[in-house]
Each structure stands twice: as C-alpha cells, then as structure tokens.
Amino acid sequence: MNEPIITIKNIGKRYNITHQRGGYITLRDILANILHNPFRFIRKKAKQVIGTSAKEEFWALTNINLEIKKGEILGIIGHNGAGKSTLLKILTGITPPTEGEIKINGRIASLLEVGTGFHPELTGRENIFLNGAILGMTRKEIARKFNEIVTFAGIEKFLDTPVKYYSSGMYVRLAFSVAAHLEPDILLVDEVLAVGDAEFQKKCLGKMEEVTHKDGRTIIFVSHNMNAIKQLCNKCILLEKGQVKVASDNVESIINQYLSAGMRGSSKIEWVNSGSEYKNDYFFPRHLAVSGTGPIKNNNDIMLSFSLDILKEDPRLNIGYALYQEDGELIYWSSRADKKEHEWPKLKMGSATLVTKIPRHLLNEGTYFIEWIAWLHNTDWIIKQHDAPSIAIQIQGGLSDSPYWTTKRPGVIAPVIDWNIENNDKKV
Amino acid sequence: MRNVTIIKPKKVFSFADIKEVWNYKELLYFFTWRDFKVRYKQTTIGILWAVFQPFITMVVFSLFFGKLLGIPSDGVPYPIFVYTGMLFWDFFSGALSDTSNVLISNQSIITKVYFPRLILPLSSVATKFVDFAIASAILVGMMIYYGFAPHLVGLLILPILLFITFMAAVGGGLFLAAINVKYRDVRFILPFFIQLLLFITPVIYPASIAGKYSWILALNPMMGVIQNARAALLGTAPINWLLISISFAACAALLMIGTMYFKKVERYFADII
C-alpha cells in the first residue's frame, strides 16, 4: 500500500501586494477618496473590472508538485521568503491556493505555533481542553489523554492556576505537550522546536520520532535547525523563490546544497546594505566586512568590522554576531556588551564602526558563516538570527606553529592551548 | 481510505460548508465556553454580573423614563415593559457587536489553525444567548411579581422571535465581521451605530408613540420582535402575525446575504488579517 498520502499538483499562490502593504485600510479613507475624486474612483474600478489595472502581484509559490507517502518525515528547508510557511498554510487549509489541487488521505493536524489559542485567564486544565479542541481533538480524546499530557509537561501542581502566572518554560512545555499528543495521520510542524530549553527540545524530538516509527505517522517539518532536519527527516525538499529546487531522500546532500549554494545569505566576504534592508528605529546597518580577501590563515586574528549609523541611542541596544559552522550549527554568539559595563564601546548618534576580532588559533580549517545580529536587551529582536546580514569566512592553513600539526584537525574548533609540566623530577 | 480532503481554489458558498460547521460543533462549544468563562472570571461578582447588569439598567430606565418623563408603556407597569424590550435588544445588539469583532479578536488563531470560520461568529451569538437565558430569570421573577401569566400561543411564539433575533444579529454580524477585517475603522463606528439603532427601536417607548408613522419603525425587524414579545408575554396587544412574517422574511434575507458575503471574503481572512 504505497499510495501517496498527500498528492500536491501544480500548486500556486498569488498575493496582491496591495493587500500586504503595511497599515490598515480604513473605510474612512476609501469614502473620503470617493467623495474627493469620484471620477478617478470609477475609472479605477472600471479598470479593475476589465482587468487592465496594474496590480502588483507576487507569486509566493509556483508550480509545486509533490507526493508524500505514509510514514515519511519530510523536511522543508529554504531561505526566508522561499514559500515554506505559505506551503504549510495551504496544506492546513488556512489559506487557499490560487491554482492547483492537493489530495490528502487522512486526518491532518498542524502545529504552526505552540499554544495557539491559549488564554492567559484560563487555568492549565482549561487550556488543555481549549487548545486540544482548537488543534482538532475531540473532547473524549482529550479527556482520555489528559493525564499523559499533564505528566509529559510536568505541571501537575499548577493545573488549576491560570496560565498567565506560568513561567515561559512551563507555558511552552504545556503547549507542546498538548500538541505532541495529537493523533492525526499527518502532522505539519513549523519551527516550533525553536522554543523551550534544550532538554525539552530533545524530549519533543524523541516524542516525534517515536510516533512516526510506532504509528507510521507522516510528518512535514519546516525548520532552520539543520540538525533537527538531519536527525528526523527521511526525505527533504529545498524551496527557492516559491519553487521546489530539489527533492530527494538524501537529506544530507540537500542540506549541504542549501548551505553551500550560498543561500545562507551569501558566501560573500563582504555585505553592503543595498539601501533599505534591515530598517529599524535604532540603527542602520551599513557594511559588514572581514579583514583580507580569500582564505585566511589561522595564525592571524580575524578582524570583523560592523559599520553602522546610530539613529536612536538606547542603552538596551546590543549588537553582535553569531558564528556558524558550514552545516549551519551555531558555534557561539558574541556581542559588544559582553564585558563589564564601562568597557563597552559607546554607541552615540551618527556613524560608527564597531570592530572585533576572532582570536587566532580558535577556529578550525573550513568555512564559517557570520550573521550580524542585534537586539534590545531583554526586550525584542532587531535583527534576528537566520534573517540577518551574513558573510562567509574561509580558514585555510596556519593551524599551528607546530611541525606536528599542520592540517585540519577533527572537531569544531582547533584551539592552540598552552601545555606545561610540573614536578618534573630528574629521576629516571 | 477514509477522510479524503481535497484542497483547491475556493468557490463561494456551498452546502458542504454547513456540514463542515456541524463537524466542528465541539469547537463551537469550546469557543463559547471560553468566552463565557473568561468574561466572568475577570469580574469579582462573576456570573451574577449577567443578572446584575440588565437589572440595574432596568431600574435606571424605569426611574428616568418611566417615573420622571412619564413615557407610556401600553398599559403595563413600565419596569416590566422596558425589561422585556431590553432583554431582546441586549441579545441582538450584544450579538451583533461581538460577531462583527470576532474575527479581529481571534486573529492569532485564524492565521495558525484551520477550522470553518463561521464557527467564530456562531460562538459569539451562543455566548450572548447564555446571557439572555440568565437574564430571563429576572423577567420570570418580574412576571410573577406583577402577576402576568403568558398564554400558550405566546410561549410558542417566543422561539420564533428568538430565531428572528438570531438571524438579524448573525446576518448583520457576518456582514460587518467580513468588512471589519478589511476596514479596521468599522469597529469604531459600530458602537455609535448600535446606539442610534436603540432609539429607532421601541425598547424604552412603545411603538404606538409614533402614531401614524409607526409603520416606519416597522422597517426595523427588531421592532416586530420586541412588539410581539410584549404582546406574547404581557398581553399588551394581540399578536401581530403580519409583522412577524415580515420580520422573519427580512431577517432570513439578511442572514443569507450576510453568510454569502462572509463566505466570499472568508478565503482572504488569513492573508489580510
């Protein structure tokens, strides 16, 4: 019985940009427009009816064809804006496609967000029922699994406390636990594992793996976490500009293609703002560069420079970078405010260039990615990980000054560390 | 295999939609339950609020309009006269305004989970209906106090009147809800509009006050409902079957137009909300 459980045929989705433009349309404006200039309004309407008006259109997805079989765990990867979320939204039925057809054989449930519909005033117990119902469980089903859900989340003591008093960890655990106990034939998951602490994430991945293997459930999984994709999925597709670029069972090769094809921003060694990218109220990122061109020897410090214009002084503003391995695994974050407060470089209105270095003999030979991230301390992201200006650096040679060690070593990093000797008695 | 779903570009209304709403009736129950629970959790006196609020309004209205202004009340005591009107009016206006805001207030759910969107407006009406039922207890008390006994036909007619109110509120509400998604200022206009409606509906005064122009009031379907509710429960006049039929037909048409418009724009909700 290897009939596909989902058949996607020629799916396309068009958005009208006018709908998407920020701000709300108000009836007042429309009416005022009609009154001020009735003829223009009529002309515009007429053009729309005949279809000659120049409407800005945007195809988020075009010509998607896909077959997914029972028990498959399909990973969907792609750059931001490649159409991953749109595809999931069409699959769940939240938004209809503009063209094409999808046939689904079985019950489908989606997890596009953890805790959809949670109400802060309601207790944990009440929210389990509410959230369960929103996700598509029947009351009987929820009642049957109630204890399991509570135990998995580990919130027994707080069952009758309104969730507004929960810590964010508890909240996420409860929300995920409800979702993890769904029993659909097909489960759609979007980036939800990014929340919660590492241990709980592991537990969730484990739970997802368990259900697919035991019950033969089909999962479609969108993530930026390449490790999770590698670990879970047995099939993967790469979306690019609304189209399927590759689809294959060889998950590893697709991930490598995604990462190395320079889709993580670019494999450029320099990033220059084209004019209006990453606009925010606090600063304008202008230029990100690394010292030197071509491969860098590891016995030199690697200098990074972040040129920017400060638009609004705010003590909470923090600017830094995230360093990734070639496969997308995060190595570390660094920010301007990592030391004692009086040692921080001051950010004043106007142009500035922040400089920092990656110490020599820290990284290994290979390609690394740097993302320019920024946030308001404890408040909000300004430039978020995975959606940030990025450059690539390549390290080759110069790994150590030792004659015994000249080429790439196993391991993520390859630091050269002091070795000394103590108590060196002259006995034989 | 069971449960085959086909997703394709959506058409306008079809009868499959009604079946779908039926399949999701449990979610309808949960939304209603949530709205009800949350509302009364936030007040200290809890559910008593549903009784307290109309009762105090009735007392205030009776004092000002009944006693001080001496507005006639078709020969029955003013408090019970105004309360009967208010009961239906509150159900209608509350359901209308809640329904028209329901998509906006649930937008985080709409963009993340699929369910027939009709569930949301229906649940707001259901919540208001629970309020109506609770507030009716006072009317029963007042009827006993003032010694009114409804006749059998009157009792039979009440469900019809409620159904007309339901159709008027849902029909208008669906239309407004859909507009509200697109034009965000509608919800600021609406409370004002509803307040105006109150004055052209014979809630605090009898329709007879308008004399020969009372037929103009009859264009308002809620007039038919409130007039006949008083006739049925308090015996202020014989039941006006013509008025009921007209109101029924007008509200049924309103419901149909509202539903069709809602279904027509429904597919864009998640995209533009």
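The values are calculated or read from the model by the stated rules, or taken from the named source; none is laboratory data. Being a predicted model, the structure only gives us computed values, none of them experimental. Using ideal geometry, Cβ is built from the backbone for each residue, glycine included, and neighbour counts are taken over all protein chains shown. For accessibility, only protein heavy atoms count, side chains too; no ligands or nucleic acids. Shrake-Rupley method; radii C 1.70, N 1.55, O 1.52, S 1.80 Å.
Among A:Phe152, A:Phe118, which is the only one that is aromatic (Phe, Trp, Tyr), closer than 30 Å to A:Lys69 by Cβ and in contact (Cβ under 8 Å) with a residue 40 or more places away in the chain?
Just a single option satisfies the conditions, and that option is A:Phe152.
Enumerate the pairs (first residue in the range B:88-106 and within 16 Å of B:Val225 (Cα to Cα); second residue anywhere and of a type in the set (S, T, N, Q) and buried (at least 21 other Cβ atoms within 10 Å of the Cβ)) with beta-carbon separation below 6 Å, excluding pairs fewer than 6 apart on the same chain, so at least 6 apart or on different chains.
B:Phe88/B:Thr165; B:Phe91/B:Thr165; B:Phe92/B:Thr165
Yes or no: the range B:218-233 includes at least one residue that is outside any helix (DSSP H, G or I), over 26 Å from B:His151 (Cβ atoms) and free of Cβ contacts under 8 Å to residues at least 12 places away in the same chain.
Among the residues of the range B:218-233, at least one is outside any helix (DSSP H, G or I), over 26 Å from B:His151 (Cβ atoms) and free of Cβ contacts under 8 Å to residues at least 12 places away in the same chain, which makes the answer yes.
I want to confirm something. Restricting to the range B:217-233 and keeping residues that are open to solvent by 10 Å² or more (accessible area, probe 1.4 Å) and out of contact with any Leu (no Cβ under 9 Å at 6 or more places or on another chain), which single residue is nearest to B:Gly66 (Cα to Cα)?
Restricting to residues being open to solvent by 10 Å² or more (accessible area, probe 1.4 Å) and out of contact with any Leu (no Cβ under 9 Å at 6 or more places or on another chain), the top hit is B:Leu217.
Here is a list of conditions, (1) more than 14 Å from chain A (Cβ to nearest Cβ); (2) open to solvent by less than 60 Å² (accessible area, probe 1.4 Å); (3) more than 27 Å from B:Ile56 (Cβ to Cβ), and B:Leu156 meets all of them except one; can you say which number that is?
For B:Leu156, the failing item is (2).
Is it the case, given these coordinates, that B:Val130 is within 30 Å of B:Val181 (Cβ to Cβ) and among the aliphatic types (A, V, I, L, M)?
Against the criterion (within 30 Å of B:Val181 (Cβ to Cβ) and among the aliphatic types (A, V, I, L, M)), B:Val130 qualifies.
Considering only residues that are within 19 Å of the chain's Cα centre (by Cα) and either farther than 26 Å from A:Ala414 by Cα or at pLDDT 90 or above (or both), which ones fall in the range A:316-345?
A:Gly320, A:Tyr321, A:Ala322, A:Leu323, A:Ile331, A:Tyr332, A:Trp333
Which condition does A:Ser276 not pass, out of (1) modelled with pLDDT of 80 or more; (2) within 23 Å of the chain's Cα centre (by Cα); (3) assigned by TED's automatic domain parsing to the domain that holds A:Ser390, if it passes all the others?
(1)
What number of residues within the range A:32-58 satisfy the criterion of being modelled with pLDDT under 70, under 23 Å from A:Gly81 (Cβ atoms) and open to solvent by less than 100 Å² (accessible area, probe 1.4 Å)?
Number of matching residues: 1.
When you scan the range A:92-195 for helices (runs of 4 or more DSSP H) that lie fully inside it, which ones turn up with 3 or more residues that are at the interface with chain B (Cβ under 9 Å from one of its Cβ atoms)? First the steps, then the outcome.
Working: elements: A:124-134, A:139-153, A:168-180.
Qualifying helices (runs of 4 or more DSSP H): A:124-134.
Yes or no: B:Thr44 more than 25 Å from A:Ala109 (Cβ to Cβ), open to solvent by 80 Å² or more (accessible area, probe 1.4 Å) and either modelled with pLDDT under 85 or more than 10 Å from chain A (Cβ to nearest Cβ) (or both)?
So B:Thr44 passes the test.
Can you tell me which residue is surrounded by the most Cβ atoms within 10 Å (Cβ to Cβ) among those in the range A:211-257 that are among the charged types (D, E, K, R) and modelled with pLDDT of 80 or more?
Only one residue tops the list, namely A:Arg217.
Considering each residue of the range A:77-121, count those that are among the polar types (S, T, N, Q), open to solvent by 20 Å² or more (accessible area, probe 1.4 Å) and within 20 Å of A:Phe176 (Cβ to Cβ), and give that number.
1
Output the number of residues of the range A:5-31 satisfying the condition of being hydrophobic (A, V, I, L, M, F, W, C), at pLDDT 70 or above and open to solvent by 40 Å² or more (accessible area, probe 1.4 Å).
The qualifying residues number 3.
Being part of a helix (DSSP H, G or I), polar (S, T, N, Q) and open to solvent by 60 Å² or more (accessible area, probe 1.4 Å) is the filter here, so list the residues in the range B:234-273 that pass it.
The answer is B:Ser245, and nothing else.
Residue by residue through the range B:159-190, note down the ones that are open to solvent by 40 Å² or more (accessible area, probe 1.4 Å), in contact (Cβ under 8 Å) with a residue 24 or more places away in the chain and over 10 Å from the mean Cα position of the chain (by Cα).
Listed by number, the residues that qualify are B:Ile160, B:Phe175, B:Lys182, B:Arg187.
Suppose the filter is of a type in the set (A, V, I, L, M, F, W, C), open to solvent by 90 Å² or more (accessible area, probe 1.4 Å), at negative phi and outside any loop (DSSP other than H, G, I, E, B); does A:Trp375 pass it?
no
Quick check on this structure: which one of A:Lys164, A:Lys140 is among the basic types (Lys, Arg) and over 27 Å from B:Ser105 (Cβ atoms)?
A:Lys140
Taking the range A:108-120 only, how many residues are closer than 16 Å to B:Phe115 by Cα and either of a type in the set (Val, Ile, Thr) or in contact with a Ser or Thr (Cβ under 9 Å, 6 or more places away or on another chain) (or both)?
Residues flagged as closer than 16 Å to B:Phe115 by Cα and either of a type in the set (Val, Ile, Thr) or in contact with a Ser or Thr (Cβ under 9 Å, 6 or more places away or on another chain) (or both) within the range A:108-120 amount to 7.
Residues that are open to solvent by 30 Å² or more (accessible area, probe 1.4 Å) and within 21 Å of the chain's Cα centre (by Cα): does the range B:207-216 have at least one?
From the range B:207-216, those open to solvent by 30 Å² or more (accessible area, probe 1.4 Å) are B:208-216; that's our starting set.
Filter once more, so that each one left must be within 21 Å of the chain's Cα centre (by Cα): none.
Checked the range B:207-216: no residue is open to solvent by 30 Å² or more (accessible area, probe 1.4 Å) and within 21 Å of the chain's Cα centre (by Cα).
Taking interchain pairs and intrachain pairs at least six residues apart, which have beta carbon atoms under 7 angstrom, with the first residue in the range A:377-388 and more than 14 Å from A:Tyr321 (Cα to Cα) and the second surrounded by fewer than 18 Cβ atoms within 10 Å (Cβ to Cβ) and of a type outside the set (Ser, Thr, Tyr)?
Hits for this filter: A:His377/A:Arg316; A:Thr379/A:Arg316.
Please determine whether any residue of the range B:254-271 is without any contact (Cβ under 8 Å) to a residue 60 or more places away in the chain, within 30 Å of B:Val76 (Cα to Cα) and not hydrophobic (A, V, I, L, M, F, W, C).
no
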